[in-house]
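Colleague: This is the structure, below, for whatever I ask next.
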Amino acid sequence: MSPQPPLDLHAHVHPDIDPDELLRLGVVFAATRSLDEADTATKRADEHTVWGVGCHPGLVGAHKAFDAERFASLITRTAFVSEIGLDGESRVPLATQQATLDAILIVLQRKPRIASLHSYKASDEVLDALERRPIRGAILHWWLGNELQTRRAVELGCFFSINPSSVRRTNLLDLIPLDRLLTETDHPFGDRGSGASARPGLVTTVEEGLARRHGTSASTIRATIWRNLAQLVSVTGCAQLLPRTVRRQLIAS
């Protein structure tokens, strides 16, 4: 791996993908949407990919099949939990989503992980959940909260992963400290405007947008993002669950 590869903190990748394809993507934190998908994905041993354990708030079947003990067992394989959270437009009743998220947060209080949270049209509800069950390592992915909600999230210690869509929300970026920012694609959803070039790991647009916003270079932003990830790994104490190549890059960063 070359120095300072791109870092994608939230993308969706099929767990049957060829390992050689993953090697071309940089370092990708790959979100899963159900415990069954996570069970398959976290059995892999890819050099640059961190597979997550997730229960997507939008999937009825994932919630019906969710089991807190199985979730706790699956996260012994990985440093990453995703995709979890709440969705205000989901077909899954909000009370069901909240019960699943609460069960997940209880586990994460005992076993901290880097956790990427979905909060579409449920910003206050996700922040309420994090306030009731504080965890280390929370990342709000593709955050759409307003100014008051964003300030509250910062006070709660949350990090934020920014994709090509959200990097255009300059009013939001003014409220988030640079040392709380991470890059993501949310492929294939958050990078639709990238056209035929869209793929996991392609965070150049985000890096360049953040660089313009902060009056610096894209390479400096990438170095900052790696330092921010190192901070998350430190506070969650999950370094040994990361692929060795990623651990080496964190040490170099």
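Colleague: Are there any pairs with C-beta distances below 8 angstrom linking a residue in the range 122-139 that is without any contact (Cβ under 8 Å) to a residue 24 or more places away in the chain and hydrophobic (A, V, I, L, M, F, W, C) to a residue that is surrounded by 16 or more Cβ atoms within 10 Å (Cβ to Cβ) and in a helix (DSSP H, G or I), with the two at least 6 apart or on different chains, and if so which?
Modeller: ALA138/LEU130
Colleague: Please enumerate the residues belonging to the range 89-114 that are in contact with a Phe, Trp or Tyr (Cβ under 8 Å, 6 or more places away or on another chain) and either farther than 21 Å from ASP67 by Cα or outside any loop (DSSP other than H, G, I, E, B) (or both).
Modeller: Filtering the range 89-114 down to residues in contact with a Phe, Trp or Tyr (Cβ under 8 Å, 6 or more places away or on another chain) leaves 89, 100, 103-104, 107, 113-114.
Correct list: GLU89, THR100, ALA103, ILE104, VAL107, ILE114.
Colleague: Which numbered condition in (1) in contact with a Ser or Thr (Cβ under 9 Å, 6 or more places away or on another chain); (2) on the phi > 0 side of the Ramachandran plot; (3) not acidic (Asp, Glu) is the only one that THR40 fails?
Modeller: The single condition THR40 does not satisfy is (2).
Colleague: Now, a different point. Filter the range 6-36 for residues that are among the small types (Gly, Ala, Ser) and part of a loop (DSSP other than H, G, I, E, B); which is farthest from GLN97 (Cα to Cα)? Before you say what the answer is, go through the steps one by one.
Modeller: First pass over the range 6-36, keeping only residues among the small types (Gly, Ala, Ser): 11, 26, 30-31, 34.
Going one step further and asking which of them are part of a loop (DSSP other than H, G, I, E, B), we end up with 26, 34.
Working: GLY26: 32, SER34: 13 Å.
So, considering only residues that are among the small types (Gly, Ala, Ser) and part of a loop (DSSP other than H, G, I, E, B), the one farthest from GLN97 (Cα to Cα) is GLY26.
A quick yes/no check of all residues on (1) outside any helix (DSSP H, G or I); (2) within 20 Å of ALA138 (Cα to Cα):
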| site | (1), (2) |
| --- | --- |
| LEU202 | yes, no |
| ARG213 | no, no |
| ALA223 | no, no |
| VAL233 | no, yes |
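Colleague: Please specify each residue of the range 52-88 satisfying the condition of being of a type in the set (A, V, I, L, M, F, W, C) and part of a helix (DSSP H, G or I).
Modeller: Answer for the range 52-88, where residues must be of a type in the set (A, V, I, L, M, F, W, C) and part of a helix (DSSP H, G or I): VAL60, ALA62, ALA68, PHE71, ALA72, LEU74, ILE75.
Colleague: State the number of residues belonging to the range 235-249 that are farther than 24 Å from GLN109 by Cβ and not β-branched (Val, Ile, Thr). Break it down into steps so the answer makes sense when it comes.
Modeller: Kept after step one, since they are farther than 24 Å from GLN109 by Cβ, are these residues of the range 235-249: 243-249.
Applying the additional criterion that residues be not β-branched (Val, Ile, Thr) yields 243-244, 247-249.
Final tally of qualifying residues: 5.
Colleague: Taking the criterion of being surrounded by 14 or more Cβ atoms within 10 Å (Cβ to Cβ), touching a His at 6+ places or on another chain (Cβ under 7 Å), of a type in the set (Asp, Glu) and closer than 20 Å to THR185 by Cα, would at least one residue in the range 86-93 satisfy it?
Modeller: Yes, that holds for at least one residue.
Colleague: A further question follows. If I go through the range 148-178 residue by residue, how many of them are more than 20 Å from PHE29 (Cβ to Cβ) and either at pLDDT 95 or above or in a loop (DSSP other than H, G, I, E, B) (or both)?
Modeller: Total meeting the criteria: 12.
Colleague: Something else now. Looking only at residues in the range 183-207 that are loosely packed, with under 15 Cβ neighbours inside 10 Å and not polar (S, T, N, Q), which one is modelled with the highest pLDDT? First the steps, then the outcome.
Modeller: At the first step, the residues of the range 183-207 found to be loosely packed, with under 15 Cβ neighbours inside 10 Å are 188-189, 192-193, 195-197.
Now restrict to residues that are not polar (S, T, N, Q): 188-189, 192-193, 195-196.
Details: PRO188: 83, PHE189: 77, ARG192: 65, GLY193: 64, GLY195: 60, ALA196: 55.
Among residues in the range 183-207 that are loosely packed, with under 15 Cβ neighbours inside 10 Å and not polar (S, T, N, Q), the one modelled with the highest pLDDT is PRO188.
Colleague: Pairs needed: first member in the range 69-93, more than 21 Å from ARG44 (Cα to Cα); second member anywhere, among the aromatic types (Phe, Trp, Tyr) and at pLDDT 95 or above; C-beta distance under 7 Å; at least 6 residues apart or different chains.
Modeller: Between residues of the range 69-93 that are more than 21 Å from ARG44 (Cα to Cα) and residues that are among the aromatic types (Phe, Trp, Tyr) and at pLDDT 95 or above, the close pairs are ASP87/TYR120; GLY88/TYR120; GLU89/TYR120.
The values are calculated or read from the model by the stated rules, or taken from the named source; none is laboratory data. All figures in this text were calculated on a predicted structure; none of them were measured in a lab. Neighbour counts run over all protein chains shown; Cβ positions are idealised from the backbone, glycine included.
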